[in-house]
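Read through the structure below, which is laid out as structure tokens, and then see the notes.
The values are calculated or read from the model by the stated rules, or taken from the named source; none is laboratory data. Note that the structure is a prediction, hence the values are computed from the model and not measured. Cβ coordinates were reconstructed from backbone atoms using ideal geometry, including for glycine residues, and neighbour counts include every protein chain displayed.
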Amino acid sequence: MQKKINSIWNPIIKNQNLLLICFFTVVVGYVGMIKNNDLIYDSLIYSQLSYTFTDQGIFNFVSFTPDIRGYLYPFIIHIFSVIGSPIGLSLRTSNIIANAFLVSTIITVIYSSFFQKQKTWISLLIKSIILLLFYVFWTDLIFYTLSDIWGIGFLIISIYFFNLVIAAPNSIKALLFSFVSGVFLYGAYNIRPIYLFTIPFILAVFIYSLIKSQKKVRSFLLPLVLSALGILICALPEMAINMHNLNTPTPFVRTNIGGSNLFLMQLEWGTYILRFDAVQISNLSLFETKYLYHVIKAKESVDNAYIGALSFKDPVAMAVFKDQMNSDTTLMDFIKLVFSNLPLYLKVSLTKLVNVFYMPYNYVYIKKLYNYFSFYAVLNYTLCFFSFLEIFRTIALHKKNKERLFNTNVVFLLITMIPCLILLLSACEARFFIPLYILLYCVFGFRCLTRDFLSFLFSNKIKVGFAFFSLLILLSFIWKYIFLTATTIPY
């Protein structure tokens, strides 16, 4: 009997990644197909851009309309819509399936490899929990054509291949992996231009690791050249598009809006905007009507439905910063302005930092408004609290035992946090911090759900419980403050 059970169970354990990827992709794809949400806002813009490749009747990269978005993600949408069309799948459905496949792959295969390589029934359970957490909080990133998961997906895939090269730099496969890692590295930047800031750090770690393991210059120079070649190949369509439309063969994504630099605009908005949420609500409840009436002071505008945005602004910071910046403001002007009002800027930044971990909704596009102290806000706080507790505990244990804290994997994962730190300076949307949340879910699953951590909690239950509820009470006041600072930007 035991042999029969093992004969069934062992293949499941051995092939758990494949099974989870297939299950998650099929189930989430089916649910997304049933929901049939209309594409809106950024997701609609991306899908519309995907059609521009064939504006002239045949596919052509230079037909792509350049704006503040690179060519690659609209091209990915186009590819999957072409694949899905012959079997009756719409653009939206085919891309839901692709999104679900990508999420399940990077979590079960790549992120999990940073925490636990051995496959057991426990690892199967943990990976399932992490995928469930992602689905609960970030369903819209799968159901809409948004670039966030593709950006971090390409970045972590690039890191994965860099790691394979570092592990066996002299193998034939390492040459192919070096090229592929370069392709995905540029792809991550093209999809989410903020990831440009990760490229020098990733390449620096890659070069350092190769030099450390290889004594001959030729041994580490060839993988580096092949990575650069991968970057160039992936950048060629962007260069052709820019040459055709802007008369310059730059590989960089255009970041100007009406003559203004997008990065500087984001920095300006970040001086007073605490949070930004896109909203699409029909059949408003009494609570939603009252809240939106409080926000926009126009009851007749919200009698039945509301489509627009909620922009949460600090009124004092807005009065100080907004009028002193315009299209002619340079980066140095911005820095001088910040330092002349440093206490106020730090207050706004601290509020935004708290806001990163404030998730009152489980939507990217809000379809139902909750009170500031919602179930999702408390659940998200709980996950973040215990994940950070385990991170700090691990750091303390390594220092106590005089063990090395940083290795290549840790450094690579920290590099993925750089875009989150930079975006903290802008007008924050929750989805901008998806790299941080995936990492926290993995810490929670692979580190907090262990006998060691649970034993630690039991031994320190009074201290941990006091810290948990004290911080929750403090944050609830900040959440309420943020909740009541909303104004609107109707679309």
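Just a few scattered comments:
- Within segment 386-424, the residues that satisfy the criterion of being over 30 Å from P193 (Cα atoms) and touching a residue at least 24 places away in the same chain (Cβ under 8 Å) are F386, L389, E390, R393, T394.
Results for (1) under 25 Å from D277 (Cβ atoms); (2) in the same structural domain as Y135 (by TED's automatic domain parsing); (3) at pLDDT below 90; (4) in a helix (DSSP H, G or I), shown as yes or no for each residue.
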site: P419; (1), (2), (3), (4): yes, no, no, yes
site: I422; (1), (2), (3), (4): yes, no, yes, yes
site: F433; (1), (2), (3), (4): yes, no, no, yes
site: L436; (1), (2), (3), (4): yes, no, no, yes
site: F446; (1), (2), (3), (4): no, no, no, yes
site: I462; (1), (2), (3), (4): no, no, no, yes
site: G465; (1), (2), (3), (4): no, no, no, yes
site: F469; (1), (2), (3), (4): no, no, no, yes
site: S476; (1), (2), (3), (4): yes, no, yes, yes
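- Restricting segment 45-64 to residues that are hydrophobic (A, V, I, L, M, F, W, C) and part of a loop (DSSP other than H, G, I, E, B), the residue that is surrounded by the fewest Cβ atoms within 10 Å (Cβ to Cβ): I58
- Residue within segment 313-329 that is aromatic (F, W, Y) and either in contact with a Ser or Thr (Cβ under 6 Å, 6 or more places away or on another chain) or at pLDDT 85 or above (or both) present: yes
- Residue check for L39: of a type in the set (A, V, I, L, M, F, W, C), outside any loop (DSSP other than H, G, I, E, B) and touching a residue at least 24 places away in the same chain (Cβ under 8 Å): no
- Taken over segment 478-491, the residue count meeting the criterion of being hydroxyl-bearing (S, T, Y) and modelled with pLDDT of 75 or more is 1.
- Selection count, segment 398-420, where residues are surrounded by fewer than 13 Cβ atoms within 10 Å (Cβ to Cβ), farther than 25 Å from L164 by Cα and of a type outside the set (K, R): 1
- Members of segment 342-391 that are basic (K, R) and either surrounded by 20 or more Cβ atoms within 10 Å (Cβ to Cβ) or not assigned by TED's automatic domain parsing to the domain that holds I478 (or both): K352
- Which listed residue, of D67, D42, D38, is closer than 28 Å to I366 by Cα, exposed (fewer than 13 other Cβ atoms within 10 Å of the Cβ) and not aliphatic (A, V, I, L, M): D38
- Candidates L425, L474, L457, filtered to the one that is closer than 30 Å to E268 by Cβ, of a type outside the set (V, I, T) and more than 26 Å from the chain's Cα centre (by Cα): L474
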